[in-house]
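Values quoted throughout were computed directly from the atomic coordinates according to the rules given, and no laboratory measurement underlies them. If you're wondering where the values come from, they're calculated on a predicted model, not measured in any experiment. Counting neighbours? That spans all protein chains shown, and the Cβs are built from the backbone with ideal geometry, glycine included.
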C-alpha cells in the first residue's frame with residue numbers, strides 16, 4: 001500500500017508554492033512591460049531596445065525565464081502524471097519538456113547579450 | 001459524460017497552459033527578430049500584421065489571458081474564498097467574463 005502524506009519529502013508542497021510564486025513573477029513581468037511601453041509612447045524600436053539594453057532588465061528577463069522553466073516544468077509534469085498512465089512514456093515526455101525548457105535559458109541569453 | 005462547469009474551466013486552464021508551452025518557440029523567434037536590428041524589428045512588425053499570423057496571435061493572447069485569470073482565480077480560492085459548489089461555479093463564470101472583458105478592452109485599445 002502506498003502511503004501518501006502531506007508533509008515531508010515529495011509531498012508536493014514545494015511545487016505548490018513554487019507554482020504560485022513563479023506565476024506571480026510572470027504576471028508582474030508582463031505587467032511591467034505593458035506599463036513601460038504604455039508610459040513611454042507605445043511599441044517602437046527605440047523603446048524596445050532601450051528596455052532590453054538595460055543590464056538590470058536583462059537580469060530580470062533571465063530570472064523570468066527561470067520562472068518560466070519552473071512554472072512549466074511543474075505544470076507540464078502535473079498534466080503528464082494525470083493523463084499518461086505509462087510511466088515509461090511519462091518520464092520520456094517530462095524529459096523532453098525539460099530539455100526544451102532548459103534550452104530556452106540559453107536562447108534567451110544569446111538573444112539578450114547577442115544584439116548590438 | 002456531463003462535466004460541471006468548474007471541471008471544464010479547470011481542464012481549459014491545463015489545455016491553455018499546454019498551448020502556451022508550445023507557443024514559446026514562436027515568441028522566442030519574434031523576440032530575436034525584434035532585438036537583432038531595426039530592420040528585423042520592422043520585419044517582425046510586418047510579419048505580425050499578416051492576417052493569418054495576426055489571427056493566431058490574437059488567439060494565443062486570449063489563451064494567455066484565460067490562463068492568467070484562471071490562475072488568479074485559483075489563488076483566490078487557495079486563500080479560502082468562493083470554495084462552495086455554487087460560489088465556485090459563479091466564480092468560474094466571473095473569471096471567464098473578466099478574461100473576455102480585458103481581452104476586448106485591450107484589443108480595442
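In chain B, the calculated helix contribution to ellipticity at 222 nm averages -31000 deg cm²/dmol per residue, counting -39,500 (n - 2.57) for every DSSP H run with n ≥ 4.
In chain A, the longest principal axis of the Cα atoms and the axis of helix A:55-83 are about 30 degrees apart. If R0 is taken as 35 Å, the Cβ-Cβ distance between residue A:107 and residue B:81 corresponds to a FRET efficiency of 0.35. Each label was represented as a point 7 Å from its Cα along the Cα-to-Cβ direction; for residue A:39 and residue A:59 these points are 2.0 nm apart. Legend: calculated FRET efficiency, residue A:30 to residue B:108, from the Cβ-Cβ distance at R0 = 30 Å, rounded to 0.05, equals 0.95.
How far is helix B:5-36 tilted, in degrees, relative to the longest principal axis of the Cα atoms in chain B, given as a value from 0 to 90 rounded to the nearest 10? The angle comes out near 20 degrees.
Cα centroid separation, region A:42-116 to region B:77-109: 27 Å. Specify the angular offset, from 0 to 90 degrees and rounded to the nearest 10, of the alpha carbon long axis of helix B:51-79 from the longest principal axis of the alpha carbons in chain B. Roughly 40 degrees between the two axes. Ranked by the mean number of other Cβ atoms within 10 Å of their residues, highest first, the peptides B:13-20, A:44-51 fall in the order B:13-20, A:44-51. When the helices of chain A are scored as -39500 (n - 2.57) per DSSP H run of n ≥ 4 and the total is divided over every residue, the value at 222 nm lands at -28000 deg cm²/dmol.
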